[in-house]
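Input: a single structure, listed below in structure tokens.
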Amino acid sequence: MSAIRQKMLRVRNPADLDQLLAKPTWSVESLLPSKSAASESPKISTQQLHHLLRLSALPAPENAEAEQKMLDTLSAQLHFVGEIQQVDTSGVTPLRAIRDETAAAEVEQTITLDTLKDALAKEQVVGKHYKRIQRKIDHVDAKDVEDWDVLGSAERKAGRFFVVESEMPQE
Amino acid sequence: MLNQLSRTGHATFARRPYICQECLRRLQSRHIRSIASPAPAWIRPLSTASDDRTPPKEDAPFRKALKDAAKKKRLENRGKAQSSDNPSGSSEFKSEKWELTVGIEIHAELNTARKLFSSAATSVNDTPNTHVALFDAAFPGSQPHFQRETLIPALRAALALNCEIQHRSSFDRKHYFYQDQPAGYQITQYYEPFARDGHITLYPHDFPGGVSPEGGPVTIGIKQVQMEQDTAKTIQQPPSTHLLDFNRVSHPLIEIITLPQIHNPVVAAACVRKIQAILKAVDAVTAGMEMGGLRADVNVSVRRRDSADSSQQSHSYHGVTGLGQRTEIKNLPSIKAVEDAIIAERDRQIDLLERGGIVDGETRGFTQGSKTTRRLRGKEGEIDYRYMPDPDIAPVVVGKDLVQHLKSSMPLLSDDVIEMLVDPKRYGLTAKDAGTLVVLDDGDRLDYYLEVVEILRRIFSEDFAALSRVGKMAGNWVLMELGALFKTTQWSADRVSPSELASLIAHVLRKQITGRTAKLLLAQKFDGDARPVDQIIVDEDLLLRPLSRDEYLAMAQQLLEEKSDVVRDIVEKGKHQKVKWFVGQMMARGAEGTVEPGTAEEVLRLLLQLPPMEEQRQQMKK
């Protein structure tokens, strides 16, 4: 990809630009296994495929043809992942989510004694000599989040319970 | 061994952040990209403690005889084991040859008002599915809201386990499909837990009978403590119906992970017991194991202690040696189950290995009362959790001031309390009594005891001899006498107030009432007699009248006349120690507690015309 950047730097006038855009300099194809050398792409066994499907709670392929198609697709995807992993990311913090990561934001988000003073005020110390902390157990008002029909979308229910049919874990 | 190394190496990769698990699995057969191999984490040097077990040469014959006898017994037992399914008879011999290693994971329900990622209330026995926010039910589009106050008990627990609180921690998703978990993943702290590198020390008082199986204190490292969500409560209706209550979904939990540094089932049980007590002491949890508030998983492996086998001494320790293949036993519901499951699994693995088999890395289960563990999932069925950082939850940043505050306001922990109670200069209790006081009634009994002692100390502030006894004396009355009365009913400090008990004990210490009278008085107070102890003693004329000197003399005279043969032994044969026998007789004859052994001996010696024995009298005073 650095090749693209170098080429772009050399663009000086509109004519050059047209020329540059006329032909692709790089294709996502390069990250996919070439059709001729299919053997290079990672091999996945039928067993591994079924294991992955089970982990993902996905249905097993209906026939051998469908299974082969899945294997080929997965193989191509893994080849792609392999190529992506060639990029040297040492020293780069992985991106988990887009957030304000400035020092000021961190200070703002820090959970301090002040943040929790209300919660700490709901504790009491019991005992005259052997002093212990006790959270006062009083009524928690959570109507704002609990006041909805929890079982409303359930396909099966029994009284106040959700009902699930499932086999016991294997012995 | 090689296989073991590559497995552990692989496990270490799996713990590294952001490496795709599927790719990792494939790494074993094909390369996608080579990754430098870090040192396997589960390797530790073979313990040198086994060196000490090598017998000194000189007592070899005796030791050999013992060994041979043990071997014979083992062979017999093995014959039996195959038929009677009880291989544990030879475990003592086996533990000489095999070293057990155990690591523990403890899940504890935190004592919080609200759930971990919603402001829905926590609850124990409320109407099913009444405390569920949209996010708790994994309703599409709902978002997690980390409840910051759930950190309070979590931080206290970690601090009490001597952990280092991490300035920054974060949450990850652990994927698996099961009906008790609506999102298809559990939110936990896999890559960046909030606390690391703690430890717990087990002292002799932490073991049943006050004896550590390792001789002295045992310190076990705590690898990390992490916060995570609980799952739904399931009520099974056989054969295959499950009723689900989501009230418990996302109740905050902490998972405490110890290092594999435990080598004895008794130590493992003591470790779980102590962690439970510590969590309770800092109010981090509401319920113990018996109420389902705490669950434990154990990792068990065994390996040969080749060093203990003198025939193999040439195989000296070449630095690092790995542990044996481990199995995990999940969801142990009690401390007894922890100990029993480890014993059963240890014996199963040793038996398997001695018969030339191989231990598979698998998940096993244990039913309380059972003698064996049973296989739950094999390696091929093992779940791959596909951990990933949860993008919807911001990292948790904990301020230093908060940690400092929680540290400085930490309640006294049981080790400190016990140390204080057994100190002969302070309370002088036995370690056993001290340990009992700490665990009874959530600490209320201990507080009561301390109050009783304080009042007694005020009463006897001038009397040093009595002062040195009040700690032990009060311990006895609070635990034994009052304990017996409270055996079948809930403890209450108001039933017999501390000042009334102190008054009672003071009367006994001053020998104003007999022990038997005091016990009856206590029962009377316990049953609701509203009069003060002083009043009852006066009303019912319970005060002991000390014997006069004439009464002592009369009693001694009569006794000496009755037992003239013993008198002859003393006077003619010089068996002066038999005076003590007479003292005992006098104490038995007088009303309880009325005969002072010192005065009795003095009077006896006078009548027998023996010299008073200073030395002995001093001993009596002690």
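Read the figures in this text as sums done on the coordinates, not as results from a lab. This structure is a prediction, so every number in the text was calculated from the model and none was measured. Note that each Cβ is placed from the backbone with ideal geometry, even for glycine, and that neighbours are counted across all protein chains shown.
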Q. Just for the Cα atoms in the stretch B:151-262, what are the lengths along the principal axes, largest first, rounded to whole Å?
A. 50, 39, 24
**Q.** Cα gyration tensor of the stretch A:48-140 - equivalent ellipsoid semi-axes, whole Å, descending
**A.** 53, 26, 12
Q) P(r) of the stretch B:562-603 in 5 Å steps, Cα pairs, percent per bin? A) 6, 24, 28, 22, 14, 5, 1
Q: Based on the mean of other Cβ atoms within 10 Å per residue, sort peptides B:170-182, B:222-234, A:135-147 so the most packed one is first.
A: B:222-234, B:170-182, A:135-147
Q.
Modelling each spin label as a point 7 Å along the Cα-to-Cβ direction, I'd like the residue B:409/residue A:92 distance in nm, to one decimal.
A. 4.5 nm
Q) Please identify the GluC sites (Glu not before Pro) of the stretch B:547-615 that satisfy two criteria: DSSP loop assignment and at most 14 other Cβ atoms within 10 Å. Which are they? A) B:572, B:592
Q. Across the stretch B:101-217, how large is the tail of the calculated P(r) beyond 16 Å, expressed as a percent of all Cα pairs?
A. 73 percent
Q. In peptide B:141-148, what is the residue-averaged number of other protein chain Cβ atoms found within 10 Å of each Cβ?
A. 1
Q. Hey, which aspartates and glutamates would be in cross-link range of residue A:157, C-alpha to C-alpha under 20 Å, not counting anything within fewer than 8 residues on its own chain?
A. A:146, A:147, A:149, A:165, A:167, B:126, B:136, B:180, B:245
Q | Cα-based equivalent ellipsoid of the stretch B:427-470: semi-axis lengths in Å, sorted from largest, via gyration tensor | A | 23, 12, 4
Q. What are the residues whose amide H is under 5 Å from the amide H of residue B:304, where those residues sit 5 or more places off or on another chain and H is modelled from the backbone?
A. B:99
**Q.** Spacing of the two label points (7 Å from each Cα toward its C-beta) at residue B:562 and residue A:57, in nm
**A.** 8.6 nm
Q. What's the average, rounded to a whole number, of partner chain beta-carbon atoms within 10 Å of each residue's beta-carbon in B:527-538?
A. 0
(Q) Counting pairwise Cα distances across chain A, what percent come out greater than 24 angstrom? (A) 75 percent
Q: Could you list which residues have their amide H under 5 Å from that of residue B:286, counting only those 5 or more apart in sequence or on another chain, with H placed in the peptide plane?
A: B:111
Q: Assuming a ≥ b ≥ c are the square roots of the Cα gyration tensor eigenvalues, decide whether the stretch B:412-539 counts as rounded (a/c under 1.5), prolate (otherwise, with a/b larger than b/c) or oblate.
A: oblate
Q. To the nearest whole number, what is the average tally of beta carbon atoms from other chains within 10 Å of the beta carbons of peptide B:240-251?
A. 4
(Q) Can you show me the helix-derived [θ] at 222 nm for chain A, built from DSSP H runs with n ≥ 4 at -39,500 (n - 2.57) apiece and divided by the number of residues, rounded to the nearest 500. (A) -10500 deg cm²/dmol
Q: At a Cα cut-off below 12 Å, give the aspartates and glutamates reachable from residue B:580, other chains included and same-chain residues fewer than 8 away excluded.
A: B:601, B:602
Q) Taking a threshold of 25 Å on the Cα-Cα distance, which of the pairs B:274/B:432; B:330/B:432; A:136/B:115 fall above it? A) B:330/B:432
Q. Expressed as a whole percent, how much of the Cα-Cα distance distribution for the stretch A:41-87 exceeds 15 Å?
A. 47 percent
**Q.** 13 Å cut-off, amide nitrogen to a point 7 angstrom out along residue B:430 Cα→Cβ, residues in the stretch B:188-223
**A.** B:209-211
Q.
Considering just Cα atoms, how many Å³ per residue does the convex hull of the stretch B:463-622 enclose?
A. 138 Å³
